[in-house]
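Single-structure report; data block below.
Where a number appears in this text, it was derived from the coordinates with a stated rule and is not lab data. Because the structure is a prediction, the values reported are computed rather than measured. Please note: Cβ atoms are built from the backbone with ideal geometry, for glycine as well, and neighbour counts cover all protein chains shown.
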Amino acid sequence: MEAKDNKILEVKGLKQYFPIRSGFFQRAVGHVKAVDGVSFFIRENEVLGLVGESGCGKTTTGRAILRLYDPTAGEIWYRRQNGERMEISRISQKVMKPLRREMRMIFQDPYSSLNPRLTVKDIIGEPLIIHGVAKGKAMEDRVGELMKAVGLDPGYMRRYPHEFSGGQRQRIGLARTLSLSPRLIIADEPVSALDVSVQAQVLNLLQELQERLGLTMLFIAHDLSVVEHVSERIAVMYVGKLVEMAKTEELLRHPLHPYAEALISAVPPADPDIRLDRIILEGDVPSPANPPPGCVFHPRCGYAKDVCSQESPELVEVEPDHYASCHFAAELHLLGIGG
C-alpha cells in the first residue's frame, strides 16, 4: 500500500488479541481478535475517518497506535518533526514518553475522562507539568490561551468539571489534548456522547483547529454522516478488519465493499424529498472471539458466493487510492450517495 512521502503514520498488519481465560488457573482458552491485520496510512495535515459498528475494533486500533496497549503483532511507523521514522510498536514506555507530546488522544466520554477532583486549570495544565513545558504563571497563561482557543472563558479555569455542560467538558478535553502542540491526534468518538446540536459545534471547532494548526488526525466514529464532514479519506472496519479505504467523496459515491454500501444507505439524505432504499443487514455482528471463516462479512452479505466462506480476501488497491477487501470488488456495481 503505497502513499506519498509525506505520510506521518503508517500501520502495517496490526493485530491486537486479548486472551480469553477460564478455569482455576486462568489458562488462555482462546483469543478475542479485536484488531486482526489492519493496515493504513495517514498523510501529514490529513484527517482519516475510521468508521464501523460498535465492537469492530476502532477504539482498540487507536489505543494500540498510542501504545495504551502493547500490540500482539504488526508494525506502527511514526515520522517525527525532524523527519526521523520510528517503529513504535515494540519500544519501551520510557522511550515512548517523549513521543506522547506529539501523539495525543481525545477521549469519547467527556464525563468520565476528566478528573472531578481537579480544577480546569489543573486538568489542562497537567501535561505541561508532566513534560516539563511550563509551570506556575507560565502554565496558567498557557491554560488561558488554550481555553480561548477552544471557545471557553479563561475566567472559569478554577471551576470543576461538574460545573460545565457536556459540550464544554469536551472542549476542556480538547484544550488538554492541544496543550503540548501535538502533531497527531487520535479522536475517539469525540461527539458520540453529546446532543446533536452540540455535536455540530464541537465538529466545527475541530475542523477549524485542524485547519489553523495543521493537525493530523485519526477520527474514530460509528456514524458515517459525522465522519464525512471532517475526513478527507475514510477507512471502514468490520470485525477487526479493514474492508475499504478511499477518499471521502469517492467512497460515498462509489463504494466497492457491500458493508460500506450498507453503511452509506443508512445515512439520511440532505434533501428530505429524496428517498433511499436502506439496506437492512440480516443477523448480528459476529463475535471477534469466533469470527466466521473466509470473509468476515459473508454471513450477512447479499452478494456472497462459495469462495467468500472459504478464502479471506486481502485489502488491495482496486482503483487508484481506493482499497477494498472483497473477492468481487471489481465486478459489483454498488449504490452510493447519488445512485
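Data table
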quantity	calculated
Counted charge near HIS162, where neighbours are those whose Cβ lies closer than 12 Å (Asp, Glu -1; Lys, Arg +1)	+2
Relative counts (whole %) of C-alpha pair distances in region 113-181, using bins that are 5 Å wide	4, 20, 35, 26, 12, 2, 0
Note, ³J(HN,Hα) from phi for region 304-316, Karplus 6.51, -1.76, 1.60, rounded to Hz, x at Gly and Pro	5, 10, 4, 4, 5, 8, 10, 10, 8, x, 7, 7, 10
Net charge over other residues, Cβ less than 13 angstrom from the Cβ of SER54 (K, R count +1; D, E count -1)	-4
Gyration tensor verdict on region 1-142 (Cα atoms; rounded if a/c is under 1.5, prolate if a/b is larger than b/c, oblate otherwise)	oblate
Amide H within-cut-off set for VAL47, under 5 Å, with H built and near neighbours excluded	MET217, GLU232, ARG233
Three-way shape call for the chain based on the alpha-carbon gyration tensor, with the a/c threshold at 1.5	prolate
About the Cα centre, charge dipole magnitude for region 113-181 (Lys/Arg +1, Asp/Glu -1 at Cβ), debye	60
Whole-Hz ³J(HN,Hα) from phi, Karplus 6.51 cos²θ - 1.76 cosθ + 1.60, for region 106-112, glycine and proline x	9, 8, 5, 9, x, 8, 9
CD proxy at 222 nm, helix term only [per DSSP H run n ≥ 4: -39500 (n - 2.57); per residue of the chain; nearest 500]	-7500 deg cm²/dmol
Within the chain: Cβ-based charge dipole about Cα centre, in debye rounded to nearest 20 (Lys, Arg +1; Asp, Glu -1)	1900
Long-range amide H partners of ILE20 with built H, under 5 Å	VAL29, GLY30, HIS31, VAL32
Distant-in-sequence amide H partners of GLY37 (H built 1.01 Å from N, under 5 Å)	LEU14, LYS15, GLN16
Derived scalar couplings ³J(HN,Hα) [region 322-331; Karplus, 6.51 cos²θ - 1.76 cosθ + 1.60; whole Hz; x for Gly, Pro]	10, 10, 8, 10, 8, 4, 10, 4, 7, 9
Residue among VAL198, PRO19, GLY49 farthest towards the positive dipole end of the chain, charges placed on Cβ	PRO19
Unit charges on C-beta of K, R, D, E only; dipole of region 61-104, Debye	240
